[in-house]
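Notes follow the structure.
The values are calculated or read from the model by the stated rules, or taken from the named source; none is laboratory data. Owing to the predicted nature of the structure, the values given are computational and were not obtained by experimental measurement. Every residue, glycine among them, receives a Cβ derived from its backbone with ideal geometry; neighbour counts consider all protein chains shown.
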Amino acid sequence: MAKRRAKNDPYWDVEDEAEAPPPEPCWLCERPLGSEVVAHHPVPKSRGGRDTVRLHPICHQALHNNFTNAELARIAMDLDALRRNDGVAKFLTWVEGKDPDFYVPTAKKGR
């Protein structure tokens with residue numbers, strides 16, 4: 001059980017930087033992950049995929065708006081191929097400076 005600190009402790013608001021690990025980056029956009037995290041199967045489960053990667057919800061939605069499951073199964077873990085897609089490249093440029101917890105619904109692309 002963690003030890004409680006008294007409010008009169010001189011180190012009450014000092015955080016130990018050695019304890020805090022660096023924030024994990026999003027697999028697609030490489031921004032730090034926020035409070036909401038989605039597990040994405042690079043090879044869809046319907047195509048036999050088991051491995052998962054961690055993404056922002058908006059990044060996950062952008063992937064599925066730009067690729068079908070069959071396309072994702074072919075590309076799998078090739079991040080360069082995913083990022084070269086015009087829609088994903090445009091999305092990554094747009095989302096680059098946003099807060100890790102930023103989310104807006106993105107419109108589905110007509111196929």
Would you mind listing the helices (runs of 4 or more DSSP H) fully within the range 42-111 where at least 3 residues are surrounded by 13 or more Cβ atoms within 10 Å (Cβ to Cβ) and under 16 Å from the mean Cα position of the chain (by Cα)? 57-66, 79-84, 86-95
Quick one: what pairs do we get from the range 96-111, first residue among the polar types (S, T, N, Q), second at pLDDT 85 or above and outside any loop (DSSP other than H, G, I, E, B), C-beta under 8 Å, 6+ apart or different chains? Thr106/Ile58; Thr106/Gln61; Thr106/Ala62; Thr106/Asn65; Thr106/Phe91
Enumerate the pairs (first residue in the range 46-64 and of a type in the set (Gly, Ala, Ser); second residue anywhere and outside any helix (DSSP H, G or I)) with beta-carbon separation below 7 Å, excluding pairs fewer than 6 apart on the same chain, so at least 6 apart or on different chains. Gly49/His41; Gly49/Pro42; Gly49/Val43; Ala62/Thr106
Output for Cβ contacts, cut-off 6 Å, separation at least six or different chains, first residue closer than 21 Å to Glu71 by Cα in the range 26-42, second surrounded by fewer than 18 Cβ atoms within 10 Å (Cβ to Cβ) and of a type in the set (S, T, N, Q), reads Ala39/Thr52; His41/Thr52
